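Just so it is clear, none of the values below were taken in a lab; they were calculated from the coordinates. No experiment lies behind these values; they were computed from the predicted model shown. Neighbour counts run over all protein chains shown; Cβ positions are idealised from the backbone, glycine included.
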Amino acid sequence: MVEVKNLVKSYGSVAAVKGISFSAQQGEILGFLGPNGAGKTTTMNMITGYLSATSGSVTIDGFDILDNPKEARSRIGYLPEIPPLYLDMTVEKYLQFIYELKKVRLPRKEHLDEIMALVKIDDIKGRVIRNLSKGYKQRVGFAQALVGNPPVLILDEPTVGLDPRQIIEMRSLIKSLGKKHTVIFSSHVLSEVSAICDRIVVISNGEITADSKTEELSAITDDAGRLSLIVEGAASTVLSVLGDVDGVIKVRREASLEDNAYSYLVDYKKDRDIRRGVFRALAKADCPILEMRGAGKTLEESFLYLTDVTKVERVQKNKKGGKN
Amino acid sequence: MIAIFKREFASYFTSPLGYVILAIYGFLSALFTLLFYYDTGYSYSISDAIAPMLYFALFIIPPITMRSFTEEKRQHTDQALLTAPINIMDIVMGKYLSALCIYLMCTLSYFVYVLFTMILVKGAAVEWGILLTCWLGVLFLGAAMLALNLFYSSLTQSQILAVVIGMGTGLFVMLYDMFIYAVEASVNSLLKIDYEVFILDKISITSHYTNFVSGILNPADVVFFISIIALFLFLTGRVFDKKRWA
């Protein structure tokens, strides 16, 4: 349905998007995850034909966005980061304008009424857009993307500016739309993406750092376990002793607490239990453990982990390993 | 194109802009008609009332197009237009025609005045031919300047800047003949030659306009104005599309 190949966008010598490739099928919700400035919006603008790509191609349903712009664009509904609203129009007039602009052939009144009911703006259809709250404006923008019932929906951070209840409504709406449409949906909130999407593409610094099913992705971020320790003794000794324990990936000193005692975070391979080894090693070095507990990764940490470029290779290696 | 035309045209009347432009043009054209047509015992032609509108039209036109593209970019609505399944020229033409319609409504005021004269004054002879060429002249002049100003609005995100550049150009257009004359005279005196016709004479908007208001309907003048319109509408489309390729 949507096929993106080696998409590159450079502004002068600065490359905003460096060769992105992925595809999305009908009935799939693809989450586009990445920090601000990673290239999400630029990529979406290129998919919808608002920006041209420096190189690479985008095809929608077999139509190239630059070679067959009319066919390709008529299959896309796009909600940009800032909804493209004419503030001097009423909601209904605005949607009628979009309906005519997109040259939609469906029966006008029924179609627009259906959309307005779907995104719950039918009660404000007579109001001028300028006077609406941000949440309503966002929903009018969403309605605009749905006009013409396009098979592909590109949504750039659709839940920004909504209150928690509206966010939940929006998520369930996107989820229900994803049954029939191809939805590409960007966000920098990991919990949101993992709640809605079937597949997650993580983008960082203009490159894809992960592309996998939602469950697989959480497995990747979970493949390291973590211990939180407070140990008495010289920090350098403790660090070297802990580093030598079998199964430990990384040791980090967090903070100095009491006299001669520090807290440490120890990442270890998930399939090992290193607690006994840690105890024995530190006992041998005469460094008493004052506290030891398991520490899970927060969602934010997982996010940072995924968007950290240095991890790219490791993630890809893991994926290959999993397939073999 | 029709969708954009309708939206643009309606937007002139959801803000005071459309009303203000119509009111100012109506006031000035009425004033000149009074001064140069009614007040002279009908010894003068209507063209005497219409010809001086040149100087005001050049300043009334920039505000008509000042919002056309500047606001699209500022409010990010260009994303809706550029991702819709339509051509760039549909967008440009929709906007241009709606601006032209506002201007057309302004110029129709002359017909109202003439009709009044016919109804109220017994034996008033109306020179329909002169009225028609004058009106065409005003229309073509405005249409060309609208295309130019539409182009300016595509260059910037600031309405003020678009208007200021547009009015500056208006001033230049107005003084162009004098400017060319000065250049011609100084070049001739410097080189001690006697050239009378400069190629620069030929692109004087005012001289082509003067033909119309003198009652001369010359195809060359019509072609001249249509070329200006086509050129600047094309450039506007290019500039609007340029963002995609930046």
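For chain A, a Gaussian network of Cα nodes joined below 10 Å ranks A:Glu258, A:Glu192, A:Glu92 by mean-square fluctuation, and the top entry is A:Glu258. Only Cα pairs under 8 Å and 6+ residues apart enter the sum, and on that basis the relative contact order of chain A stands at 19 percent.
Annotation for the stretch B:194-246 versus the stretch A:1-45: alpha-carbon center distance of 44 Å. Between the listed residues B:Leu139, B:Leu233, B:Ser204, the Cα displaced farthest toward the positive end of the dipole of the stretch B:2-245, a dipole computed from Cβ unit charges relative to the Cα centre, is found at B:Leu233.
Across the stretch A:92-102, coupling constants 3J(HN,Hα) worked out from phi with the 6.51/-1.76/1.60 Karplus curve, θ = phi - 60°, read 5, 4, 5, 5, 5, 4, 4, 4, 6, 4, 7 Hz, and Gly and Pro carry x.
The charge dipole of chain B, taken about its Cα centre with unit charges on the Cβ of Lys, Arg, Asp and Glu (plus for the first two, minus for the last two), comes to roughly 860 debye. Rounded to the nearest 20 debye, the dipole magnitude of the stretch A:73-194 is 320 debye, with +1 charges on Lys and Arg beta carbons, -1 on Asp and Glu beta carbons, and the Cα centre as origin. Computed from phi, the 3J(HN,Hα) profile of the stretch A:182-191 under the Karplus parametrisation 6.51, -1.76, 1.60 (θ = phi - 60°) reads 9, 10, 10, 9, 10, 6, 10, 9, 5, 4 Hz, with x in place of Gly and Pro. Across A:Gly19, A:Gly34, A:Gly277, mean-square fluctuation computed from a Gaussian network of chain A (C-alpha pairs under 10 Å connected) peaks at A:Gly277.
Starting from the Kirkwood Rh over alpha-carbon pairs, what translational D in µm² s⁻¹ does the stretch B:2-245 have by Stokes-Einstein at 10 °C and 1.306 mPa s? List each step's numbers first, then the result.
Details: Rh = 19.4 Å.
Stokes-Einstein gives a translational diffusion coefficient of 82 µm²/s.
Checking every one of the trypsin sites (Lys or Arg not before Pro) in the stretch A:145-236 against DSSP loop status and a limit of 15 other Cβ atoms within 10 Å picks out A:Lys179, A:Lys180.
Given a Förster distance of 56 Å, report the FRET efficiency between A:Ser176 and B:Ser227 from their Cβ-Cβ distance, rounded to the nearest 0.05. Numbers along the way, then the final one.
Numbers: r = 55 Å, r/R0 = 0.98.
So the FRET efficiency works out to roughly 0.55.
Spatially, the stretch A:157-203 and the stretch B:101-118 are offset by 56 Å when compared through their Cα centroids. Projecting the Cα positions of A:Ile289, A:Leu239, A:Gly126 onto the charge dipole of the protein assembly as shown (unit charges on Cβ atoms of Lys, Arg, Asp and Glu, taken about the Cα centre) puts A:Ile289 furthest along the positive direction.
Give A:Lys103/A:Lys180; A:Lys18/B:Lys95; A:Lys175/A:Lys250; A:Lys175/A:Lys269; B:Lys95/B:Lys243 a once-over and call out the pairs whose C-alpha atoms are over 30 Å from each other. Each step should come with its number before you reach the end.
Working: A:Lys103/A:Lys180 22 Å; A:Lys18/B:Lys95 37 Å; A:Lys175/A:Lys250 39 Å; A:Lys175/A:Lys269 35 Å; B:Lys95/B:Lys243 18 Å.
Exceeds cut-off: A:Lys18/B:Lys95; A:Lys175/A:Lys250; A:Lys175/A:Lys269.
Applying 1/(1 + (r/R0)^6) with r as the Cβ-Cβ distance of A:Lys213 and A:Ile289 and R0 = 45 angstrom yields a FRET efficiency of 0.70.
Select from the stretch A:79-126 those trypsin sites (Lys or Arg not before Pro) which occupy a DSSP coil region and have at most 10 other Cβ atoms within 10 Å, ordered by residue number.
When the trypsin sites (Lys or Arg not before Pro) of the stretch A:79-126 are filtered for loop state and at most 10 Cβ neighbours within 10 Å, A:Arg105 remain.
Over every Cα atom in the protein assembly as shown, the radius of gyration and the widest Cα-Cα span, Dmax, amount to 33.9, 124 Å. The charge dipole of chain A, taken about its Cα centre with unit charges on the Cβ of Lys, Arg, Asp and Glu (plus for the first two, minus for the last two), comes to roughly 660 debye.
Name the residue farthest towards the positive end of the dipole of the stretch B:2-245 from the options B:Gly18, B:Trp245, B:Gly170, assuming +1 on Cβ of Lys and Arg, -1 on Cβ of Asp and Glu, about the Cα centre. Checked the options; the winner is B:Trp245.
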